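The values are calculated or read from the model by the stated rules, or taken from the named source; none is laboratory data. What you see is a predicted model, and the numbers here were worked out from it, not measured in a lab. Here the Cβ positions follow ideal geometry from the backbone for every residue, glycine too, while neighbour counts run over all protein chains shown. Ligands, DNA and RNA are excluded from the accessible area calculation, which covers all protein heavy atoms including side chains. Shrake-Rupley method; radii C 1.70, N 1.55, O 1.52, S 1.80 Å.
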2 protein chains.
Amino acid sequence: MKDTHRRGVGGWGGREAGKELPPRARGPARGMPLLVAAAGKTPGAGRAVSGVLPSPQAFRTVEMKRWVICAMIGILTGLVACFIDIVVENVAGLKYKVVKDNIDKFTERGGLSFSLLLWATLNSAFVLVGSAIVAFVEPVAAGSGIPQIKCFLNGVKIPHVVRLKTLVIKVSGVILSVVGGLAVGKEGPMIHSGSVIAAGISQGRSTSLKRDFKIFEYFRRDTEKRDFVSAGAAAGVSAAFGAPVGGVLFSLEEGASFWNQFLTWRIFFASMISTFTLNFVLSIYHGNIWDLSSPGLINFGRFDTETMVYTIHEIPIFIAMGVVGGILGAVFNALNYWLTMFRIRYIHRPCLQVIEAMLVAAVTATVAFVLIYSSRDCQPLQGSSVSYPLQLFCADGEYNSMAAAFFNTPEKSVVSLFHDPPGSYNPMTLGLFTLVYFFLACWTYGLTVSAGVFIPSLLIGAAWGRLFGISLSYLTGAAIWADPGKYALMGAAAQLGGIVRMTLSLTVIMMEATSNVTYGFPIMLVLMTAKIVGDIFIEGLYDMHIQLQSVPFLHWEAPVTSHSLTAREVMSTPVTCLRRREKVGVIVDILSNTASNHNGFPVVEFAGDTQVPRAPGAVDRPSHTCAVLEGFGALMCVGSGLDGCGGVSEEALPPLQDASLPRVFKLFRALGLRHLVVVDNCNQVVGLVTTKDLARYRLGKGGLEELFLAQT
Amino acid sequence: MKDTHRRGVGGWGGREAGKELPPRARGPARGMPLLVAAAGKTPGAGRAVSGVLPSPQAFRTVEMKRWVICAMIGILTGLVACFIDIVVENVAGLKYKVVKDNIDKFTERGGLSFSLLLWATLNSAFVLVGSAIVAFVEPVAAGSGIPQIKCFLNGVKIPHVVRLKTLVIKVSGVILSVVGGLAVGKEGPMIHSGSVIAAGISQGRSTSLKRDFKIFEYFRRDTEKRDFVSAGAAAGVSAAFGAPVGGVLFSLEEGASFWNQFLTWRIFFASMISTFTLNFVLSIYHGNIWDLSSPGLINFGRFDTETMVYTIHEIPIFIAMGVVGGILGAVFNALNYWLTMFRIRYIHRPCLQVIEAMLVAAVTATVAFVLIYSSRDCQPLQGSSVSYPLQLFCADGEYNSMAAAFFNTPEKSVVSLFHDPPGSYNPMTLGLFTLVYFFLACWTYGLTVSAGVFIPSLLIGAAWGRLFGISLSYLTGAAIWADPGKYALMGAAAQLGGIVRMTLSLTVIMMEATSNVTYGFPIMLVLMTAKIVGDIFIEGLYDMHIQLQSVPFLHWEAPVTSHSLTAREVMSTPVTCLRRREKVGVIVDILSNTASNHNGFPVVEFAGDTQVPRAPGAVDRPSHTCAVLEGFGALMCVGSGLDGCGGVSEEALPPLQDASLPRVFKLFRALGLRHLVVVDNCNQVVGLVTTKDLARYRLGKGGLEELFLAQT
């Protein structure tokens, strides 16, 4: 075990192999006499600072500011969601109208290949722009952003992830990809957008704009920023699905570690404000100003509780759907895993990425067109809710049912599958659609475009769920009447749960998005089953992508067999220590030395020859070395103590070298630490445990495994 | 500050003032040479145990068991809720029928005072039994049990709180008090019942029955037990209100500190199972077996979203209602505070307590009777949903509207106020009812009966909320049409929020109990306003009662001005230390010495003359000294190390003596500690910080204050 570990350190860092222990960190040889002041009160570091700490009044002002910031986060997130929604609705409406007119024209006189060409070209053009801005301007805006935000909340810094530029690219990108007809949703990116807004407002400055508004300077520290970002993520979920409680739970399930009541209330407040803003603005936009009927970007429509209750018979059927969802989700993730490996290896140049995105857009349009063209499933137009009904080869007063699923934004297709009356879709149509859309969505996720996987997953699930309901009625000779809409909802939950593996928050999101609490229990059963079944095969899509990017991500608990490892074995050595008073030159030297393998520097005190970590805090390395000069004030207070000082992370605690890995792990999770100074029994600094040191260990098939993690 | 503190320690403990520092804790004089083995691997304590730790397979079995236990908790909690519901419904039905027949008889021929006598006697008789079993058999079953469970989850042990006997008394008591016509609800006690069930099942033994089923022995430790109890509390909320998500949030808001995803899923699972069991059994009981329409003990009825949307005009009105609720809640709490002080001082003998309870029951019946008698508010019987319509002096085909509010279980009255059509209640009736019921409920809370305050609060709020709605329409000349049912709901939320000061969980509970997410935003606004306004005057009812019982309860954050205190100043000294290998006789001596002021004993190692806390764990004191002999195995493993050993609390960590109070506080909250060993820079044990040492400090009007806490 010991050997494996040493190899691990070499493989992961490599660079510091030959590095010399800096003289000031070397301290005395162990076992030398240790001189410590006799009992009584040493003028402790903690007390020295107490004068500058906030009074109760100042504390109340700070608390008020936190609430104001949360309100602003909610309002802005809601407005961004409105903007995306309105632009997508209009541009997509225009596109579908143009293509529909074209198809209608050429259906009569032949030559539908022109229509296909028009459709594919339009889609590719949108996606070209959408993909190019992501690939060339801000690659971190790709995808849904959920894995990135998970990492951020976990304490991993990903460069540019909460920049204003990222927000602009993300918003433009998601509009262009949805309008470009890709199998994507605009909901996932809202979570990222909300987080960027939160980070920007709470810090009162923008790196992209190079502007510092000199406000909220109190909140410019990691823990505060992380708290606000979790509120932003919640506001994003809330705006996307009209699910404020679901948003809070999402933030907690995916991000938070330490549950603080006040923080949770603020998160909830931001979520509520966000969904309310969206609701209000969209009500005005839609003309019925006092109505407040659009709480989210997607609204699953009202499920009428009177007519659509479930009975206890149906519970085993729902569980079976959960199993199917888990398996299909695992297949989706496995396919996407191989695809992502392929992309990492071969498609890493921006222009190749743009070409792939355009290819997918063209293929999506073509496949959809072929399916619509060859479908003979015609449904009466009367009483249906299709937005852009394509008549094609159907009789007058009828529309092509395959087109209802394909020729629309995915959000609207989901709602159609949930609510269209029984018989609106032919089983053949649903089966073909499921199959094709499954592969399209799988190919699309991971493209260099800004887009989410929530809606495509729901759409796949809704399609096979509806098929499942129809088949059930058919196979049992209608002995079991399975309402197709209800089964579509359960299928959607099962498929989404099988892919992303969330349970509690997703249950609440689904409950809130359907404005219905009756289905809470079956949805929970379906999601739990999907998660349990899916986890047998492969992990969730987001975790998989986090792992593929070799991010040092801390899971909820230490691997079960890691009790035998101690802090001494996992820690990084050597450690660069700082004195309580250090010359600026020395600090500049240390910070410019990128070869030092960690970003924390324990502050020690020398009593004669002996090094004592008097203030067991660690100074964070500023992101850029140039910040040293600006951050002069912060660095000066290295000497002043451990609490409340910007430059010193206050949570660092010295564990003894023999503490076990799970114990160290628990400290990191519970306190949100980034590094921990390891001392021996004489309080000598012997090493530093960083997040990375802990994230390296995983429970694999053959016991404890070590991962290779990126240098972030 | 220092002086205050010293006085504080003396005043609080007192007994240990003259106590000698035990020789083994005294250690070497500071500044003496310290011998430590040179680098390399010391055979650390953590590794020695690794052999007995669970393998991944064993871990999976344990995890499976946890889920099974949660399912059992859910099922049993649901069944207990069913039992309470069915018994209350039948017995109360019988009582009201008897009294109604009597009233109907005497209305015609005069002599209604006999009816009053019958009613008051019946009520007092029920309450006599209900109060006597609580006062004489198990006083801890009094009240709603929520403050007790909050303390338990906070790590404070209250004797008998999770015993089987307590459950039996609680369930019988709540049935008798509801049937006895007190202004109480049966919902709060469900939370306590769920917790007892959880503790019983998870420990696999019952102290009340003196039976040990030898199952689930792995879970017999504080942290595991606490986790299951939080699941039980959630299951209780879920069964009471049909609110599984609300239950999870209640557990987290009121109890949990460390948010663990797996734990949360299990809590959610238990909640879902609980509401489902209740729903299923009640459906069978009510005859419509496949219907699943009774998710909770109280169901607020369906609010139809189509007709009862709110508009943006109404938001300021809702906020105003929140202000009213906050003020009325503060008045309620202040009155109850004085009453409780009076009770603590004068009514502490069980027989006096029983007499007070009977008095309240008789007064409640009398006041209700007088109000009903003198009311001239008659409403047409047709189309109304009143269960026991009293005609009294109304015309035929009409009923007495005051009787509809009083002559019923409070649960049914709440639903009537929410859903009865506009005009069902006269404003005068509502005003009188609010006033009278407010004082009755305030007097009732804190009686020695087992009963909750949720439903009375909702009822008071619903009454004035409905009145508010009617007045609004009237005052504005019907320019604002305020649906009385909707305003009753908001009033109920405001009043309950003003009394108990919960926000997130209560919002979700209200949303789930009304099966409606549309009102989420206004309910949240109302609850937040009520909390903010109420907090200006006095704290929430539960916190107030916790403080009145001088329980060392840790709030979410350290008082803001406590940064100037260090661990050295708050810690308890002297500390009794144990060696890694200690003679049983010595341990028996230490544990029998009740004068030692804390229940944790740091394990230290002696290297020559020097004391080193090799395993920085602390051994918990068993609740009873006689457990020493039974617990022989546990005590033997003192020598074996810190992890995974039953007798050693694994979270204890040594902080340095100069760590500030907020930092120590954060450690306690985040890791759920009960005591923390304080070491100096040489790693010598200098003291022990316990929960009590932290809970003593509060932010009062004049800055930091010290409380006197009970010796628990």
In the stretch B:201-220, the residues that are in contact (Cβ under 8 Å) with a residue 24 or more places away in the chain and part of a strand (DSSP E or B):
B:206
Give the residue that is farthest from the other protein chains (Cβ to nearest Cβ), with candidates limited to residues of the stretch A:342-354 that are surrounded by 14 or more Cβ atoms within 10 Å (Cβ to Cβ) and free of Cβ contacts under 8 Å to residues at least 40 places away in the same chain.
A:352
Are any of the residues in the stretch B:319-341 open to solvent by less than 40 Å² (accessible area, probe 1.4 Å) and more than 24 Å from the chain's Cα centre (by Cα)?
yes
Which ones in the stretch A:141-166 are of a type in the set (A, V, I, L, M), in a helix (DSSP H, G or I) and open to solvent by less than 20 Å² (accessible area, probe 1.4 Å)?
A:141, A:146, A:149, A:153
Of the conditions (1) surrounded by fewer than 22 Cβ atoms within 10 Å (Cβ to Cβ); (2) touching a helix residue (DSSP H, G or I) at 6+ places or on another chain (Cβ under 7 Å), residue A:412 satisfies every one except a single condition; which number is it?
(2)
Of all residues in the stretch B:513-530, which are facing chain A (nearest Cβ under 9 Å) and open to solvent by 10 Å² or more (accessible area, probe 1.4 Å)?
B:515, B:517, B:518, B:521, B:525, B:528
How many of the residues making up the stretch B:560-575 are at pLDDT below 70 and surrounded by fewer than 21 Cβ atoms within 10 Å (Cβ to Cβ)?
2
I need the full set of residues from the stretch A:242-262 which are modelled with pLDDT of 85 or more and part of a helix (DSSP H, G or I), in order please.
A:244, A:245, A:246, A:247, A:248, A:249, A:250, A:251
Residue pairs meeting the criteria (Cβ under 6 Å; at least 6 apart or on separate chains; first within 14 Å of residue A:403 (Cα to Cα), in the stretch A:101-115; second of a type in the set (Gly, Ala, Ser) and buried (at least 16 other Cβ atoms within 10 Å of the Cβ))
A:103/A:115
Looking at B:231, B:198, B:183, B:239, can you tell me which residue is assigned to a loop (DSSP other than H, G, I, E, B) and either open to solvent by less than 20 Å² (accessible area, probe 1.4 Å) or in the same structural domain as residue B:276 (by TED's automatic domain parsing) (or both)?
B:183
Quick check on this structure: which one of B:112, B:79, B:122 is open to solvent by less than 20 Å² (accessible area, probe 1.4 Å) and hydrophobic (A, V, I, L, M, F, W, C)?
B:112
Restricting the first residue to the stretch A:277-295 and requiring it to be more than 11 Å from chain B (Cβ to nearest Cβ) and outside any helix (DSSP H, G or I), which pairs with a second residue that is at pLDDT below 70 and open to solvent by less than 40 Å² (accessible area, probe 1.4 Å) meet a Cβ separation below 8 Å and a spacing of at least six or different chains?
A:286/A:294
Is it true that residue A:492 is under 17 Å from residue A:320 (Cα atoms) and either modelled with pLDDT of 90 or more or within 14 Å of another protein chain (Cβ to nearest Cβ) (or both)?
yes
Restricting attention to the stretch B:511-527, which residues are in contact (Cβ under 8 Å) with a residue 24 or more places away in the chain and of a type outside the set (D, E, K, R)?
B:511, B:513, B:514, B:515, B:516, B:518, B:519, B:522, B:523, B:525, B:526, B:527
